[in-house]
There are 2 protein chains.
Amino acid sequence: MKGTRAPVDLPHATRLLNHGPVTIVTSAHGGRSNVMAAAWAMPLDFDPPKVAVVIDSRTLTRQLVDASGVFGLQIPDRAFAQQTLEVGSNAGVEFDKFAALNLQTFQGQKIDVPMLTGCVAWLECKVIPDDSQRYDLFLAEVVAAYADSDVYSDNRWHFGDDPNARTVHYVAGGTFFTTGEAFEVKSRPLENGRRDA
Amino acid sequence: MKGTRAPVDLPHATRLLNHGPVTIVTSAHGGRSNVMAAAWAMPLDFDPPKVAVVIDSRTLTRQLVDASGVFGLQIPDRAFAQQTLEVGSNAGVEFDKFAALNLQTFQGQKIDVPMLTGCVAWLECKVIPDDSQRYDLFLAEVVAAYADSDVYSDNRWHFGDDPNARTVHYVAGGTFFTTGEAFEVKSRPLENGRRDA
């Protein structure tokens, strides 16, 4: 991160996730905390903003989120890809990944969870109980959001030439795609067209 | 699409979606059919493969999926971005988007739904009833999957230099990101590290 952590209007918070970047989940309860990668995260609603995130039942993160009802969701840039892979490839059950990977954190604004320094966007989330948890799918309301002003402002991403300052999309086996070139398409309303497709 | 529609092993089917591309949902029931864009779609499980997709309750697509229990999920490339935006910006309630946009289709292999020619990957999906539908979130099992052999084979995406043959990620207001450069990160197992993060 090069800019400042600037607040993002909650009704626009899901835009941080709309393009499908990989995310990192932080969690804490009863003196323990953990951090793991989550490629399976997406928006669910605009206002109040909601997200859906898959959190495997076998993880320490799951234990902590089940107990606390909250989690931090952060979006890394390419410069943070090594750490992203490592927090996704190692288990937090046996040791402290924050210390092992020398990860810096700051305290969440609305939730009692460490948020990761070095990412470019952050969403603080409160779990909504739902039976889809039996599929390891967590629905959550976003209660605070902010982003690196150097790459996100006025409710839009504006990446520059530095590939390391772009968000990334996880494929598998340590392979990522960098978020590529932006382009714009003009919609042509069809005859009788309405906005609710 | 330039290659052939090649089958994708079902346990690898979610890899088509793992990097968070925009998708297009097709649906049909009782002689009606429809097509709409869905940026909010992601994998939910590997084997059997499952996906989660947000389908707004106000849409014709929702009526058709509620009635039929199945939908087609396809991944467009950049060459198909104009059509992607248009199927997402116009309603199917009042007219036939397939005809209005001159979209070509072929019949699904396992489901009775038209699948879109001109995309680069396809997942045929059966809805799993779940109470998260009250949040417009549909969980579904993938029952067939295939992809354009020119950009996807051996269970991986291999985009070339042509930006129009890459998948795209939706932002908002007609803006997309092209899927960018691939890069690889080597995971370093931490001391006592295990694979279940």
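The values are calculated or read from the model by the stated rules, or taken from the named source; none is laboratory data. The shown structure was predicted, so the numbers you read here are calculated from the model rather than taken from an experiment. A quick note on method: Cβ atoms are made from the backbone with ideal geometry, for glycine too, and the neighbour counts reach across all protein chains shown. Side chains included, ligands, DNA and RNA excluded: accessible areas come from the protein's heavy atoms. Shrake-Rupley method; radii C 1.70, N 1.55, O 1.52, S 1.80 Å.
Below are the figures for this structure:
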| quantity | calculated |
| --- | --- |
| Residues satisfying the stated conditions in the range B:1-36, i.e. assigned to a loop (DSSP other than H, G, I, E, B), among the aliphatic types (A, V, I, L, M) and within 11 Å of the chain's Cα centre (by Cα) | B:L17, B:V22 |
| Hits in the range B:116-137 (condition: of a type outside the set (S, T, Y) and in contact (Cβ under 8 Å) with a residue 60 or more places away in the chain) | B:L116, B:G118, B:C119, B:V120, B:A121, B:W122, B:L123, B:C125, B:V127, B:I128, B:D136, B:L137 |
| Residues being open to solvent by 10 Å² or more (accessible area, probe 1.4 Å) and either within 16 Å of A:T179 (Cβ to Cβ) or of a type in the set (A, V, I, L, M) (or both) - total across the range B:4-23 | 5 |
| Residue match in the range B:174-192 (condition: open to solvent by 60 Å² or more (accessible area, probe 1.4 Å), in a loop (DSSP other than H, G, I, E, B) and more than 7 Å from chain A (Cβ to nearest Cβ)) | no |
| B:G69 being under 17 Å from the mean Cα position of the chain (by Cα), more than 10 Å from chain A (Cβ to nearest Cβ) and open to solvent by 10 Å² or more (accessible area, probe 1.4 Å) | yes |
| In the range B:95-117, the residues that are over 16 Å from B:A13 (Cβ atoms), surrounded by 16 or more Cβ atoms within 10 Å (Cβ to Cβ) and either more than 13 Å from chain A (Cβ to nearest Cβ) or touching a Pro at 6+ places or on another chain (Cβ under 6 Å) (or both) | B:T105, B:V113, B:P114, B:L116 |
| From A:A52, A:A91, A:A79, residue being closer than 30 Å to A:D154 by Cα and either open to solvent by less than 50 Å² (accessible area, probe 1.4 Å) or part of a strand (DSSP E or B) (or both) | A:A52 |
| Filtered residue count, the range A:120-154, keeping only those that are facing another protein chain (nearest Cβ under 8 Å) and outside any strand (DSSP E or B) | 5 |
| Where a residue in the range B:93-115 is closer than 15 Å to B:L60 by Cβ and its partner, wherever it lies, is acidic (D, E) and open to solvent by 50 Å² or more (accessible area, probe 1.4 Å), with Cβ under 8 Å and at least six apart | B:F95/A:E191; B:A100/A:E191 |
| Residues that are touching a Gly at 6+ places or on another chain (Cβ under 8 Å) and of a type in the set (G, A, S), drawn from the range B:1-32 | B:G20, B:S27 |
| Residues that are at the interface with chain A (Cβ under 10 Å from one of its Cβ atoms), closer than 14 Å to B:F138 by Cα and open to solvent by less than 20 Å² (accessible area, probe 1.4 Å), drawn from the range B:24-49 | B:V25, B:A38, B:A41, B:M42, B:P43, B:L44 |
| Residues being loosely packed, with under 15 Cβ neighbours inside 10 Å and in contact with a helix residue (DSSP H, G or I) (Cβ under 8 Å, 6 or more places away or on another chain) - total across the range B:118-132 | 1 |
| Residue within the range B:158-168 that is within 23 Å of B:G88 (Cβ to Cβ), assigned to a helix (DSSP H, G or I), within 12 Å of chain A (Cβ to nearest Cβ) and among the hydroxyl-bearing types (S, T, Y) present | no |
| Pair list, Cβ < 9 Å and 6+ apart or interchain, from the range B:43-58 residues that are over 17 Å from A:V51 (Cβ atoms) to residues that are assigned to a strand (DSSP E or B) and of a type in the set (V, I, T) | B:D45/A:V54; B:D45/B:V51; B:P48/B:V142; B:P48/B:V143; B:P49/B:V142; B:P49/B:V143; B:K50/B:I128; B:K50/B:V142 |
| Output for the range B:14-51, where each listed residue is in contact with a Cys (Cβ under 7 Å, 6 or more places away or on another chain) and over 12 Å from B:V87 (Cβ atoms) | B:V51 |
